[in-house]
Amino acid sequence: MSRFSPSPVGGPGAGSRRCPWGAPNTTSISCSLADVMSEQLAKELQLEEENAAFPEVVAVAEGPFITGENIDTSSDLMLAQMLQMEFDREYDAQLRREEKKINGDSKVSISFENYRKVHPYDSDSSEDEVDWQDTRHDPYRADKPTTTPRKGFIGKGKDITTKHDEVVCGRKNTARMENFAPEFQVGDGIGMDLKLSNQVFNALKQHAYSEERRSARLHEKKEHSTAEKAVDPKTRLLLYKMVNAGMLETITGCISTGKESVVFHAYGGKSATEDKVIPPECAIKVFKTTLNEFKNRDKYIKDDYRFKDRFSKLNPRKIIRMWAEKEMHNLTRMQNAGIPCPQVVILKKHVLVMSFIGQDQVPAPKLKDVTLSSEDMKKAYYQILNMMQQLYKECNLVHADLSEYNMLWHDGKVWLIDVSQSVEPTHPHGLEFLFRDCRNVSQFFQKGGVAEALNERELFNAVSGLNITADNEVDFQAEIEALEKMNEDHVQNHGKKLSMFSNDGDPPIYDE
Ligand code: ADP
Ligand code: MG
């Protein structure tokens, strides 16, 4: 069939339109200026526009020939959607087979749910499909909606029926349900002589659209993010491998879901190498792969000299792995200095396994949640003062998020955790971070009734060995910033080789 055939009727211009499928459309509107101005013509044009916006379902013409009037190209779209749906179903079936094969009868099972293409509401819709073509006589078959002629009404006198007639509209609405996405279940509605009111039709249409969007959104979002508590398939695979390798015995459950990480408890298994002993209980910190929470943490890592060169070359996903890597390095430094903290077991991408602080699946309480005797409170304070100094002098680190939220009370002492954001003191904001840590610690212990607790400025000097003399917070902070600036200038002028603050109480001197 030729797509374009010459139109025998209707001269050039004069509003004649060609039908792309061959049959000519013979209607032509030619009119004078007076006609153009006439109300009747305005109405006709209005009707034409409406018809174009809401094409009516036209009764199928008798005979085998496709004419310009009965062709409905929207079926191409429908066909494509149906093929896509069929593909999606097959894809999901294959996914289910792989899921089964991978899981076998393993202790940890991996769900491929997030990879499915078909929305769960219709995943089993194929089961109740009925082949209506086998039914010779269908008692529910609807009368096709009648078309309203151009003039906008049929009949005469009081039997006049306009296109706004309730029954006509209802039938049209029912027929229009065919335009919904194929996965939207309208049951036998289309086949029956249903008359959907505009209100019902609009509600259905709205629902059909939002379901379509929801399906697409679910697929897109769940695949890439680490959901609250649950983890994405890639992380699950990592965890599964750890259990399968025998390194972990079982993963028992989630201890904490924070903004940036999810922490699980696990029982340790056996190490592949003899020199490494896996703790009986482990904490698994999964750094969230949703990137937005990490955006505002840029400054911790971007300016950290240890990571500076790499930062600019990395994509956001890799930056998240770097957080995990940072936590591992920092914990190792602390471990080497003898500071009570989790011991690193293994790091795999954005998943860090460490020893569990607590017992029998119960994590040690945070300092903010535990009520200590005044004796223990004082003991805890001196221990923290000591740890902060060690951290600064021996590990060359500032915690940068030190507070009663990141200190656990276990075995009669304080344990430091959550050091992914810790930086070296020479970090451009390192001293500011230290001052903030000092403020948190001072306030907590002063409120907790430890009379010996230094104020934040004294604590800062005691930890850093610096001797900032300002006696009010504003001036103190100004001096801190001036020191940071000096350090930054020094780094700029002498390359990025580390410069050290003196730790012996003198004003800062730099050495290369
Ligand atoms: P976040 O960055 O989400 O604050 P944290 O490292 O502070 O991550 O861990 C969140 C919570 O998980 C902690 O407050 C603590 O209760 C628990 N937790 C983390 N690591 C351990 C661990 N090694 N042992 C026991 N509990 C832990
Ligand atoms: Mg924390």
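Quick notes on this structure:
- Nearest-0.05 FRET efficiency for ASN386 and ASP275, computed from C-beta distance (R0 22 Å): 0.10
- Pair ASN493, GLN443: separation of 7 Å Cα→Cβ label points (nm): 3.7
- Amide H contacts under 5 Å for LEU397, placed H, 5+ residues apart: TYR392
- The label point for THR250 and the one for ASP411, both projected 7 Å from the Cα toward the Cβ, are 2.5 nm apart.
- Spin-label pair TYR115-GLU86: with each label point 7 Å from Cα along the Cα-Cβ axis, the two points sit 2.4 nm from one another.
- Ranking of VAL167, VAL243 by count of other Cβ atoms within 10 Å, fewest first: VAL167, VAL243
- Förster radius 25 Å - calculated FRET efficiency between LYS259 and ARG317, Cβ distance, rounded to 0.05: 0.90
- Positive minus negative residues near PHE356 (Lys, Arg vs Asp, Glu; Cβ under 12 Å): -1
- For LYS241 and THR371, a Förster radius of 41 Å and the Cβ-Cβ distance give a FRET efficiency of 0.50, rounded to the nearest 0.05.
- Whole-Å semi-axes of the ellipsoid equivalent to the range 347-405 (Cα gyration tensor, √5λ, descending): 23, 20, 10
Read the figures in this text as sums done on the coordinates, not as results from a lab. None of these values were measured; they are calculated from a predicted model. Ideal geometry is used to build each Cβ from the backbone, glycine not excepted, and the neighbour counts take in all protein chains shown.
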